[in-house]
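Heads up, the thing below is written out as structure tokens.
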Amino acid sequence: MKYILLVVMLAVHVVSQPTPASSSPTTRQGHPALTITHLTGDCYVYTTYGLAGGQPYPANSMYLVTGKGVVMFDVPWDSAQDQPLIDSIYSRHHQRVVLCISTHFHDDRTAGLSYLRQQGIATWSSVMTKELCRLHHNSEAANVFTKDTTFTVGNYSFRTFFPGAGHTKDNIVIWVPKARVLYGGCFVKSTEAPNLGNLVDADPVAWPASVRRLMKEFPDPDFVVPGQLA
């Protein structure tokens, strides 16, 4: 297990003190329900909270501002923050959210997909993630891809990449080459993480090799965004 931790913990460059979104209340535990942090250029990290072991725990997601709308990488864990996030994005950038990609089937990555679809936002995941969402009765994306896929929205292209099993058997990452940002989601663990987190659906045997595959594919990102902590 120590070996896996050493392999999984990539260098992470994320602003450490996020500024709470102006429309966001605090949770009963005193955490901001939603915080938005400028990462670099047109990339922003947003953080919401869910319960893990009965305690509030942060989940990082990301959005990218393009010339043709905003792209979300994953959804708020707390689905009550879907509309506050959409409103905050519009207030800050005067752009609508046009697309969302979920990086695996757990509810901290899929909980708001149904709501986003209702707002006319295109939702995407891998076909494996959609199948696992259906199996676990989680919200599903409307559209699927069957292999690593490059999307282009406005002045940005970004690519999904499946490195292999790790946190879950369907986990993917997203690479934004223009910004040199690797959005790792829950597949990548922060250097602040005390352990590998939720291993219920993990494959700890395959995870180290999957991380090596990821590092070979994207050897020199300027920023790596983990799914939790910073």
Worksheet item: From the list Asp74, Asp82, Asp78, Asp108, which residue is on the phi < 0 side of the Ramachandran plot, touching a residue at least 60 places away in the same chain (Cβ under 8 Å) and of a type outside the set (Ser, Thr, Tyr)?
Response: Asp108
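Considering only the range 69-76, I want to know if a residue exists there that is surrounded by fewer than 23 Cβ atoms within 10 Å (Cβ to Cβ), modelled with pLDDT of 85 or more and not basic (Lys, Arg).
Yes: one or more hits.
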Worksheet item: Which one of these does Val75 not meet: (1) aliphatic (A, V, I, L, M); (2) within 21 Å of Asn138 (Cβ to Cβ); (3) part of a strand (DSSP E or B)?
Response: (3)
Fill in: Which listed residue is of a type in the set (S, T, N, Q), in contact with a Lys or Arg (Cβ under 9 Å, 6 or more places away or on another chain) and modelled with pLDDT of 95 or more, from Ser88, Ser102
Ser102
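Please enumerate the residues belonging to the range 188-217 that are touching a strand residue (DSSP E or B) at 6+ places or on another chain (Cβ under 8 Å), modelled with pLDDT of 95 or more and buried (at least 16 other Cβ atoms within 10 Å of the Cβ).
Listed by number, the list holds a single entry, Leu214.
The values are calculated or read from the model by the stated rules, or taken from the named source; none is laboratory data. Note that the structure is predicted; figures quoted are calculated from it, not measured. Reconstructed Cβ throughout: ideal geometry from the backbone, glycine too, with neighbour counts over all protein chains shown.
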